[in-house]
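Comments concern the structure below.
Read-outs: derived from the displayed coordinates by stated rules, not from any lab. None of the values given here were measured: they were computed from a predicted structure. Ideal geometry is used to build each Cβ from the backbone, glycine not excepted, and the neighbour counts take in all protein chains shown.
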C-alpha cells in the first residue's frame with residue numbers, strides 16, 4: 001500500500017476497516033447456518049422404520065457427545081462417569097455391526113475400540129497397551145454406545161408409531177436431516193422425550209438428544225450425541241482393523257469389566273423378570289440388563305471392596321438418599337442405586353438405569369431376596 | 001529564495017492542552033535558523049510536526065516545498081534530523097548503528113554504505129571510535145553519534161533539536177564550526193534550542209516561541225542593530241556626568257549609558273573635555289534581552305497569580321490559557 | 001526493512017538468552033527423565049511425554065508440548081511486545097520513522113522479525129530435544145521398529161519426520177497469533193512490559209475460559225482453543241478438522257490484530 005493512502009485515511013476509516021475484518025471473520029463460520037434447511041415429506045413412521053434398519057449402514061465420521069449427567073461413580077465403573085458427564089470426541093468407522101472401530105480422542109492420547117465379530121480390542125495410547133476380549137453377555141456402557149446411530153436405535157427400539165411425530169429438519173454435519181420426536185408413554189422412565197435427526201437416504205441417525213424434561217427446559221437435553229462430519233459409505237477394511245505397531249503390548253483378558261466378571265462368577269442367577277421388566281441378557285447369569293427402549297436398567301452384584309468406594313462416592317452426589325439398605329442418587333435421566341451399607345460383608349447390588357428412584361427401589365427389594373447359587 | 005520550511009496556522013492540541021498555537025514559520029533555504037523558546041514552549045512538538053511524527057490538529061506545514069506529512073516519503077530522505085535526545089541501539093557499536101539506520105527506509109543502498117558511515121563519523125569527530133557498544137558511550141559521544149546519523153544521507157535540510165546538549169565547550173565549538181561549514185556548502189540548518197548564546201553565535205535568523213505562539217521571527221542582524229545609545233565606562237564619572245548631563249539615560253558606578261547614535265563623535269567630545277575614556281561602545285541589545293522582552297515567564301513556571309509579562313495571557317494552574 | 005529488523009533481532013544478546021531459557025525447560029525434563037527413568041503416569045503430564053521413555057525420537061514433540069502452553073507464548077509476547085513500545089521507550093522509533101520508514105512497512109518488518117524469532121526458538125527446542133532424545137532416552141530396539149502413532153499403528157520414519165515438521169509449523173502459526181496480539185498492544189501502550197503482560201493476560205484468560213462449560217458459545221473463537229491440536233497429526237489417519245479450524249482461527253487473529261495495530265499506529269503521535 002502506498003504511504004500516501006495511509007496518510008489520507010482518517011483514523012475513523014481505518015478503524016472501520018478493522019471492524020469490517022472482525023465482522024468478516026466472525027460471520028464466515030456462522031454464514032452456513034443462515035442458509036435454509038431443506039426438508040422432505042417423509043412421515044414419522046417411515047423414518048422410524050428407517051432408523052431401526054440402519055445397523056448395517058456403512059459410515060464414517062466424527063462425533064461429539066455432551067452429557068449433563070453428573071454422578072460421582074469414579075473409575076470403578078470404567079469410563080461411564082466420564083462419558084456421561086462431559087464432552088467426548090469420537091471418530092468412527094463402521095462397516096456393519098460386526099466390524100467397526102471407534103476412537104475416543106483425548107487431548108494427549110486416544111482410547112480406541114476395534115470390534116471384529118465376537119472380539120473387541122481396547123487400545124490405550126498412553127498405556128501403550130491393547131487388550132483383546134471376547135464380547136461378553138453383559139458389560140458396562142462404553143464409548144461406542146454413545147454414537148448417534150447406536151444410541152438412536154437403542155432408544156427407539158420399542159417406540160410405537162403413535163408415539164413419534166415429525167420435527168423440523170436440521171443441518172447436521174452438512175446434511176439436511178429430517179427430525180423425529182419420540183415421546184414415550186408416561187410411565188416409569190426418566191426420559192421425557194428423545195429427538196433424533198436422520199440421514200434421509202440411509203436412515204442413519206445423525207443427531208440424538210435425550211431430554212429428561214420438556215423441550216422448553218432451559219438446561220437443554222441431558223445427553224446429546226451428534227455427528228460433526230459424516231460420510232455414509234462403507235469404510236475400507238484397513239480402517240476397521242487394528243494393525244498394531246510393534247511398540248504396542250497386546251494382551252488377552254478373560255473378563256472385560258466389573259459387570260462381565262460379576263455376571264459370570266457371582267453366586268446368583270437373575271430371574272427372567274424383575275419388577276415387571278424382561279431380562280435382556282441370555283443364560284443363567286448373575287448380572288444382566290432389563291427392559292427396553294428408554295426404560296432399561298442394569299443389575300450387577302458387587303463385592304464389598306468394589307461396592308464400598310462406590311457407595312462413599314455416591315453419598316457425595318447432590319440429592320442423594322441414603323438408608324439402611326440402599327443408597328440412591330439421580331442426575332437427569334440416570335438413576336443409580338446401590339444396596340447394603342459399608343463393611344457389609346455380603347454382595348451389594350448395583351442397579352442403574354433410566355428409571356425413577358422408586359422403580360429402582362422395587363427392583364432392589366426383589367434382588368435382595370435372591371438366594372445364593374453356587375455356580376462353580 | 002525558496003523556503004525550506006513554511007507553516008501556516010500550525011496548531012496542535014494534546015487533548016485539551018494547546019501545545020502549538022497558529023504557528024507561521026518561514027525558514028529560507030540557506031538559513032541557519034534559530035528556533036528559540038523556553039522548555040515546554042512547543043519547540044519539540046513543532047519539530048515533530050515538521051517531520052511527520054506528530055499530526056497537526058489544524059494548519060499546514062511545507063518542508064522543502066512539499067506538504068508534510070503527505071509527502072513524507074519524498075521529503076524526509078533529504079532531511080537529517082535530531083529530535084530531543086539522540087537515540088541508538090545500545091547493544092550495537094556506533095558504526096553498526098549508523099549502518100543499520102542507513103539501511104532503513106527508501107532509497108537505501110548497500111553500495112558505499114561503509115564509506116558513508118565513516119564520512120559521517122569523521123565529520124562529527126568520532127572517526128577513531130572503537131567497536132564498543134553505544135551503551136558505553138559518554139553523553140557527548142552519543143550527541144555526536146546522533147548528529148552523524150542526521151548527516152549520513154547528506155541532507156539538504158538539517159533539523160536539530162538541542163544539538164549541543166551534553167557537549168563540553170570544545171565540543172560545542174566543533175559542532176558549531178561543523179554546522180557553519182555545512183551551511184556554507186548549501187545546507188539549510190534549523191536549530192531549536194533554549195540556549196540563547198548558542199543561537200546568537202550561529203544563526204542568521206531566529207524565531208522565538210512562547211507558550212506555543214511565535215512571538216518573533218526576524219534576521220538576527222536586524223534585531224541586533226545599534227539601539228542609538230552608547231555605553232561609556234570612565235573613571236571620571238563626575239566630569240562625564242557634568243558634560244553629558246541631559247543625554248544620560250542611566251548611570252551606575254563607572255558605567256554610563258548615553259543617548260547618542262554616534263560613538264566616534266562622542267569619543268572626540270569626551271576626550272576634548274579631558275574625560276578619560278576606559279571603554280566606549282555603541283549599545284546593541286543582547287538576544288537575551290530581546291527574548292525576555294518578547295516572552296513572558298518561562299512556560300515551566302506555573303505561578304498562582306497571573307505573571308506580570310508583556311501582554312501574555314494569564315495562565316491558570318494548568319498552564320491552559322483561560 | 002525486514003533485513004534491518006532481522007539484523008537487530010539476531011545481534012541482540014537478549015534474543016539468544018530468551019531462546020536458551022525456553023530451551024532449558026525441556027532439556028531439564030529430558031535429562032531428569034533419562035536419569036530417573038520415571039515417566040509421568042498415563043493421562044497426566046504433557047502430550048507424548050509418557051511415550052518418550054520407550055521412543056526417544058518423540059521427544060521433540062514432547063518438548064513442543066512442554067513449552068507450547070506457557071514458555072513459548074511468554075517469550076513471544078515479550079519479544080513482540082518490545083516491537084513498537086520498546087523502540088519508542090529507547091527513543092529510536094522517531095529516528096526510524098524520519099528515515100523515513102513507512103509505518104505500515106515498519107509493522108510488517110516487526111512481525112516478520114518476531115516470526116523469525118519463533119521459528120528459531122522452535123527449531124532450537126526441536127533439535128536439542130531430538131539430540132537429547134536419541135542420545136539419552138528411548139530404547140533402540142523399539143525405535144528401529146517404527147514409532148507408534150496415537151492410534152496404535154506404526155509410523156515410518158519419513159512419516160514421523162514429515163508430521164513432526166507439520167506440527168512445528170502449526171505451533172509457529174499459533175505463536176504468530178500471539179505475536180500479532182502483542183504487536184497491537186505494543187502500539188497502544190508506552191511500556192514494552194505492559195504489552196507483554198497484556199498479551200499473557202489474553203492467552204492465560206483464554207486457557208482459563210476453555211475449562212469452563214459456561215463459555216461454550218465463545219470457545220471456538222478463543223485464541224488458545226486449538227493450540228494442542230498438533231497432537232491430531234499423530235493420529236492415524238490424521239484428523240484434520242481441529243488443525244484446519246486452528247489454522248483459520250490463527251489467520252483470523254493475525255488479520256484482525258494486525259489491522260488493528262495498523263489502524264492505531266498509522267497516525268499515532270510519536271511523542272516520546
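What to note about this one:
- Rounded to 10°, Cα long-axis angle of helix A:304-314 versus longest principal axis of chain A: 40
- In percent, rounded to a whole number, the relative contact order of chain C is 26, using alpha-carbon pairs under 8 Å and six or more apart.
- Residue exposure sequence - B:219, A:59, B:194, B:246 - by fewest surrounding Cβ within 10 Å: B:246, B:219, B:194, A:59
- 34 Å tail of the calculated P(r), chain C, as % of Cα pairs: 24
- Directionally averaged projected area (convex hull, Cα atoms, the range B:111-227), nm²: 9.3
- Counting only DSSP H runs of at least 4 residues, each contributing -39500 (n - 2.57), and dividing by the residue count of chain A, the helix-based mean residue ellipticity at 222 nm comes to -6500 deg cm²/dmol.
- Note on chain B: with a GNM built from Cα contacts shorter than 10 Å, the maximum mean-square fluctuation among B:59, B:30, B:105 falls on B:105.
- Evaluated over the range B:179-225, the Cα radius of gyration and Dmax, each in Å: 11.5, 34
- Where labels lie 7 Å past Cα in the beta-carbon direction, separation of residue A:15 and residue B:235 in nm: 7.8
- If the chain linking residue C:245 and residue C:31 were pulled fully straight, counting 0.36 nm for each residue of separation and taking away their Cα-Cα distance, it would gain 73.5 nm.
- Each of C:262, A:349, A:197 has some number of other Cβ atoms within 10 Å of its Cβ, and from fewest to most they run C:262, A:349, A:197.
- For the range A:29-46 versus the range C:207-272, the inter-centroid distance based on Cα atoms is 31 Å.
- Cα centroid separation - the range B:87-141 against the range C:1-57, whole Å: 37
- Within 10 Å of the Cβ of each residue in B:78-91, the mean number of Cβ atoms contributed by other protein chains is 4.
- Cα shape, the range A:258-368, gyration tensor, a/c 1.5 rule: oblate
- Antiparallel bridge percentage (DSSP; both residues within the range B:3-223; nearest 5): 55
- In degrees, nearest ten, helix C:13-36 long axis to first principal axis of chain C (Cα): 20
- Rounded to 5, percent antiparallel among DSSP beta bridges of the protein assembly as shown: 85
- Note on chain B: helix-only mean residue ellipticity at 222 nm, from DSSP H runs of 4+ residues weighted -39500 (n - 2.57) and normalised by residue number, equals -8500 deg cm²/dmol.
- Just checking the listed ones, C:63, C:17, C:217: in the Gaussian network model of chain C with Cα springs under 10 Å, the one fluctuating most is C:217.
- When peptides B:167-175, C:190-198 are sorted by average Cβ neighbour count within 10 Å, with the highest value leading, the order is C:190-198, B:167-175.
- Each residue in A:125, A:265, C:253 was given a count of other beta-carbon atoms within 10 angstrom of its own, and listing them fewest first yields A:265, C:253, A:125.
- Between the C-alpha center of the range A:139-165 and that of the range B:181-246 there is a gap of 101 Å.
- Computed across the protein assembly as shown, the Kirkwood hydrodynamic radius from all distinct Cα-Cα pairs reaches 35.2 Å.
- Its relative contact order, with pairs defined as Cα atoms under 8 Å and 6+ residues apart, puts chain B at 19 percent.
- Per-selection Rg to Rh, the range B:1-40 - Cα, Kirkwood hydrodynamic radius: 1.06
- Beta bridges from DSSP with both residues in chain A: antiparallel share about 95 percent, rounded to the nearest 5.
- Where only DSSP H runs of four or more residues are counted, chain C gives -23000 deg cm²/dmol as its mean residue ellipticity at 222 nm, each run worth -39500 (n - 2.57).
- Taking the longest Cα principal axis of chain C as reference, the axis of helix C:192-210 is set at about 40 degrees.
- For residues of A:245-253, the mean tally of beta carbons on other chains within 10 Å: 4
- A Förster radius of 51 Å, combined with the Cβ-Cβ distance separating residue A:236 from residue C:20, puts the computed FRET efficiency at roughly 0.60.
- If a spin label sat at a point 7 angstrom from the Cα of residue B:278 along the line to its beta carbon, the backbone N atoms of the range B:247-265 nearer than 15 Å would be those of B:251-257.
- Contour excess over end-to-end distance, with Cα ends at residue B:8 and residue B:248 and 0.36 nm allotted per residue: 81.9 nm
- Semi-axes of the equivalent ellipsoid for the range B:3-223, computed as √(5λ) from the eigenvalues of its C-alpha gyration tensor and ordered from largest down, come to 28, 19, 17 Å.
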